[in-house]
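Q: Next up is a structure, given as structure tokens.
Each value in this text was obtained by applying a stated rule to the coordinates, not by laboratory testing. Because the structure is a prediction, the values reported are computed rather than measured. Positions of Cβ are backbone-derived with ideal geometry, glycine not excepted, and every protein chain shown enters the neighbour counts.
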Amino acid sequence: MQEFFEFGIGSRVLYKLGLASELGPIIDELGAQRIFVVADKGVVSAGLLAPVLDGLRGNAEIVGVFDSVPANSSVAKVMEGAQAAIAAEADLIVAMGGGSPIDTAKAIRIILTNGGQLLDYQGYNVIPARLTPMIAIPTTSGTGSEVTPYAMIRDEDQDLKLSFTSRYLVPDVAILDPLLTRSLPPTLTAATGIDALSHAIETFVSTENNPFSNGLALTAIDLIANNLRDAVQSGNDIDARGHMLIAACMAGMACANSYFGVIHALAHAIGGKFHVHHGTAISIFMPVGMRFNSAVVPDRYVRIARAMGVNAGGRSDKEVIADGIGAVATLALDCGLPARLRDVGVPEDALPELAEIALLDGAIYHNPRVATAAELLEMLKETW
Ligand SMILES: [Fe+2]
């Protein structure tokens, strides 16, 4: 165990069916007067935003609705939203959607509070002070962004995913309302669910794992193993949707404190370069990344296998670990996710450059096994 670790959950988390439409008392408690809403078009067209806005009115003024956030949001999009929020004199940000709108809203707050250019604040603990309050309402069960200190924003000039990390980025309130995830299509349910699973697994083996995040991670793995298939196959299964939302949030809390690993480093590389959906990229790299790491922390992978539902009785650790990795791969396959890089538009000749990009990605720093560029290239080749 680490001699020193820090564990914190900056967000107040509330769970209830229909809660997103009843935010009035929370707005009152925060003392907000001028609400700036960040969302994406999908949330608007699915009819999810209107009831939330209705629930906000009467408690405060809605001074702006910035609903043009794309998947894989960009520095330019954050700056556009920040200028609108500044002009509207917003004193509360409400973000609704998947990881992209929530991360965009987090980054908008940096500029709203501090001014300047977004790239001035890139990196780890660069933000100087507390930010404008924020409520995060996830409509996917994946990123856990509603409780994490991270914002991933694409730098379109460099084709890179930049990470912003600061405890000030953690949203003040996270609203878990499973009614909002019912309309998420099967493919996105699957990709975001596997992303949540990867947060739990990468956190559990990270060099910064600790007993608090371990507990959250193992429970998240168990919940995802038992609910993701149902959520994918029957979108209206509120029990499965609710458990997935909770699992993603728990995995988010875990990785907020214990970080990521090689699977995320590889996924960030192909997300930045080829705009592959984050969860889809993660899903492709899960088996190969787990195999790579299981060589150095086998005990951890036995526990992961058990949490995935593998029966460990009377068998060797090696067999149990292989079954655990197999269970993750089968879950992704059952959920209809692609297994190879060639199926998501990554050309073979790009692999060496992708290995170099992954080597420099911040997510790799806490991986339990040091990976060289050659080893990363091997993993990329194996998944191509
Ligand atoms: Fe992720």
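Q: Of the candidates 103, 195, 172, which one comes out as most mobile in a Gaussian network treatment of the chain with C-alpha springs shorter than 10 Å?
A: Among 103, 195, 172, the largest GNM mean-square fluctuation belongs to 172.
Q: Another one. Relative to the Cα centre, what is the charge dipole magnitude of the chain, using +1 at the beta carbon of each Lys and Arg, -1 at the beta carbon of each Asp and Glu, and rounding to the nearest 20 debye?
A: 460 debye
Q: Report the label-to-label distance for residue 28 and residue 129 in nanometres (one decimal), using points 7 Å from each Cα along the Cα→Cβ vector.
A: The modelled label-to-label distance comes out at 3.0 nm.
Q: Work out how far the C-alpha atoms of the chain reach from end to end along every principal axis, then list the three figures in whole Å, largest first.
A: 62, 44, 42
Q: Here's another thing I want to ask about it. Would you mind counting up the charge near residue 28? Only other residues with Cβ under 15 Å from its Cβ, with Lys and Arg at +1 and Asp and Glu at -1. Please list the in-between numbers first.
A: Numbers: positive: 12, 34, 57; negative: 22, 29, 61, 91, 172.
After counting each charged neighbour, the total is -2.
Q: Moving on. Which helices, taking whole DSSP H runs in the chain, have alpha carbons extending 27 angstrom or more along the helix axis plus mean Kyte-Doolittle at least 0.0?
A: Helix filter hits for the chain: 186-205, 211-233, 238-258.
Q: Along the positive direction of the dipole of region 323-384 (beta-carbon charges: Lys, Arg +1; Asp, Glu -1; about the Cα centre), which of 350, 331, 370 reaches farthest?
A: Of 350, 331, 370, it is 331.
Q: Calculate log10 I(q)/I(0) of region 1-152 for q = 0.09, 0.10, 0.12, 0.14 Å⁻¹, where I(q) comes from the Debye formula with a single equal point scatterer on each Cα and nothing for solvent.
A: Computed log10 I(q)/I(0) values: -0.27, -0.33, -0.48, -0.65.
Q: Sticking with this structure for a sec: In nm, to one decimal, how far is the modelled label at residue 373 from the one at residue 41, with both set 7 Å along Cα→Cβ?
A: 3.9 nm
Q: Now for a separate question. In bins 10 Å wide, starting from 0, what share of all Cα pairs of region 132-278 does each bin hold, as a percent?
A: Percent of Cα pairs in each bin: 13, 40, 37, 9, 0.
Q: Here is a further query. Taking the Cα centre of region 186-383 as origin and charging only Cβ (+1 Lys, Arg; -1 Asp, Glu), how large is the dipole, in debye to the nearest 20? Kindly include the intermediate steps, with their values, before the conclusion.
A: Values: 13 positive and 21 negative charges, 55 e Å.
Dipole size: approximately 260 debye.
Q: How many Å³ per residue does the convex hull of the Cα positions in region 251-297 occupy?
A: Working: hull volume 3.8 nm³, N = 47.
Roughly 80 Å³ of hull volume per residue.
Q: Would you please state the base-10 log of I(q)/I(0) at q = 0.10 1/Å for region 186-383, with intensities from the Debye formula using one equal scatterer on every alpha carbon?
A: -0.36
Q: Taking the Cα centre of region 12-181 as origin and charging only Cβ (+1 Lys, Arg; -1 Asp, Glu), how large is the dipole, in debye to the nearest 20?
A: 260 debye
Q: By per-residue mean of other Cβ atoms within 10 Å, what is the highest-first order of 34-42, 181-189, 10-18?
A: Final packing ranking: 34-42, 181-189, 10-18.
Q: Please give the contour-minus-distance gain from residue 306 to residue 5: 0.36 nm per residue of separation, less the Cα-Cα distance, rounded to one decimal in nm.
A: 105.8 nm
Q: A further question follows. In nm, give the distance between the simple-model label positions of residue 114 and residue 187, each being 7 Å from the Cα along the Cα-to-Cβ direction.
A: A separation of 3.7 nm, rounded to one decimal place.
Q: Sort 269-281, 79-91 for me by packing, meaning the mean count of neighbouring Cβ atoms within 10 Å per residue, highest on top. List each step's numbers first, then the result.
A: Values: 269-281: 23.2, 79-91: 18.7.
Descending packing order for the listed peptides: 269-281, 79-91.
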